[in-house]
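Colleague: Here it is, the structure, as structure tokens.
Rule-based calculations on the coordinates, nothing more; no lab input. It should be emphasised that the depicted structure is a prediction, and the values quoted were computed from it without experimental measurement. Cβ placement follows ideal geometry from the backbone for every residue including glycine, while neighbour counts extend to all protein chains displayed.
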Amino acid sequence: MRFYDRSIFDLLSRHAAKRRNRKAQKHSARMKKYLLSIMGAGLFALWCSPQSGLSESASRYDRLPERIGEDVGPFFKASFNYVRGKASTATAVMTIHREDWERSQTLKAWTRGEKESLITIVQPAKDRGNGTLKSDRNMWVFNPKVNRTIKLPPSMMSQAWMGSDFSNNDLAKSDTLLEDYRHTLIGVDEHEGKQVFIIESIPKPEAPVVWGKQVLKIREDLVFLEEAFYDEDDELVKKMVFEDFRSVDGKLCPFILTMYPVDEPGNYTRVVYESFSFRESLPDFIFTTAALKNPPRE
């Protein structure tokens, strides 16, 4: 092959390689967007989410917080566990609101303990059947359009999803807030005639967490009112507000959760529960990949 022939051949080869790379990058971006769009619903869980085997003594604490600066770990744990049962079912609508658009999805959820959940999208019709199964640290998503189940890596649980202001960990309400943070009383307020304790949660050294700190407002009857998220520079990033408290089996549960991003005034993501009920148990088959493809109709 003559020199100029080889030069043309090399040029064409490099051009073809660049086209393949661009195509692969576009495919990867589309796949990532798809995974994030459907896995967010997979960690959808009410702040009344259940914890299997929770003993009555686990929710007791000796006294209400009294002194600014004191460790309030026992009170925080009691609040965290206040409305947990063994299993639950729920239907909710999540609305993402922006200045120039708004969209909503209706989801049906089954949860058992802290580590098992099955969620499927009911509405809109174009998304119906998309679902997520979580079992311990494993997670699968199902897309009926391609009839494919995909296992996701745990690292994606911290991602934001579908343009919302929630991350998957926000929706999961993982026990990391109990295990990886120290909780200190920094103030006292009042709400509906009850004391509200303002608690600063600082990560323990080397804790694998995203936030520099969290600040929570918890009422004396153990009800969460607000949770604020700060970055490592101590700047407020977003705030979640709990509203519309209703009695479920004798315990107050928030039926509206709204996340507000601080740097985008007017934007928010709101979860409104249409129904919620505790269950004594749920059958094993609900938390399988077979049920992910064909969820219960109850």
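Colleague: Take residue 148 and residue 274, extend 7 Å from each Cα along the Cα→Cβ direction, and tell me the distance between the two endpoints in nm.
Modeller: Distance between the two pseudo-spin positions: 3.0 nm.
Colleague: A further question follows. Take each of the peptides 128-136, 248-256, average the number of other beta-carbon atoms within 10 Å over its residues, and list them starting from the highest.
Modeller: Final packing ranking: 128-136, 248-256.
Colleague: Based on the mean of other Cβ atoms within 10 Å per residue, sort peptides 240-246, 218-224 so the most packed one is first.
Modeller: 218-224, 240-246
Colleague: For residue 211, what is the net charge nearby, where nearby means another residue's Cβ is under 9 Å from its Cβ and Lys, Arg count +1, Asp, Glu -1?
Modeller: Spelling it out: positives minus negatives among the neighbours equals -1.
Colleague: Moving on to the next point. I need 182, 297, 270 ordered by Cβ neighbour count within 10 Å, fewest first.
Modeller: If I rank by nearby Cβ atoms, fewest first, I get 297, 182, 270.
Colleague: Hey, another quick one. State which entries of 115/293; 204/239; 151/238; 77/151; 86/204 exceed 24 angstrom in Cα-Cα distance in the structure shown.
Modeller: Beyond 24 Å: 151/238; 77/151; 86/204.
Colleague: Tell me the label-point distance for the pair residue 70, residue 178, using the 7 Å Cα-to-Cβ offset, in nm and rounded to one decimal.
Modeller: 2.2 nm
Colleague: Between residue 221 and residue 104, how high is the FRET efficiency from 1/(1 + (r/R0)^6) when r is the Cβ-Cβ distance and R₀ = 25 Å? Nearest 0.05.
Modeller: Calculated value: 0.20.
Colleague: Within 10 Å, count the other beta carbons around each residue, average over each peptide in 277-286, 138-147, and list them highest first.
Modeller: Highest-to-lowest ranking by the protection proxy: 138-147, 277-286.
Colleague: Taking amide H atoms as placed 1.01 Å from N in the peptide plane, list the residues 5 or more away in sequence, or in a different chain, whose amide H sits under 5 Å from that of residue 251.
Modeller: Here the answer is none, since no amide H 5 or more places off falls under 5 Å of that of residue 251.
Colleague: In terms of Cα to Cα distance under 12 Å, which aspartates and glutamates are near enough to residue 213, apart from those fewer than 8 places away along the same chain?
Modeller: Partners found: 180, 200, 227, 231, 232, 233, 234, 235.
Colleague: Can you give the FRET efficiency for residue 256 and residue 138, using 1/(1 + (r/R0)^6), R0 = 22 Å, r = Cβ-Cβ distance, to the nearest 0.05?
Modeller: The calculated FRET efficiency here is 0.10.
Colleague: Calculate the spin-label point distance for residue 95 paired with residue 249, positioning each point 7 Å from the Cα along the beta-carbon direction, and give it in nanometres.
Modeller: Calculated label separation equals 2.9 nm.
Colleague: Collect residues whose amide H, placed 1.01 Å from N in the peptide plane, falls under 5 Å from the amide H of residue 181; neighbours closer than 5 in sequence don't count.
Modeller: Excluding prolines and chain starts, which carry no amide H, the hits are 204.
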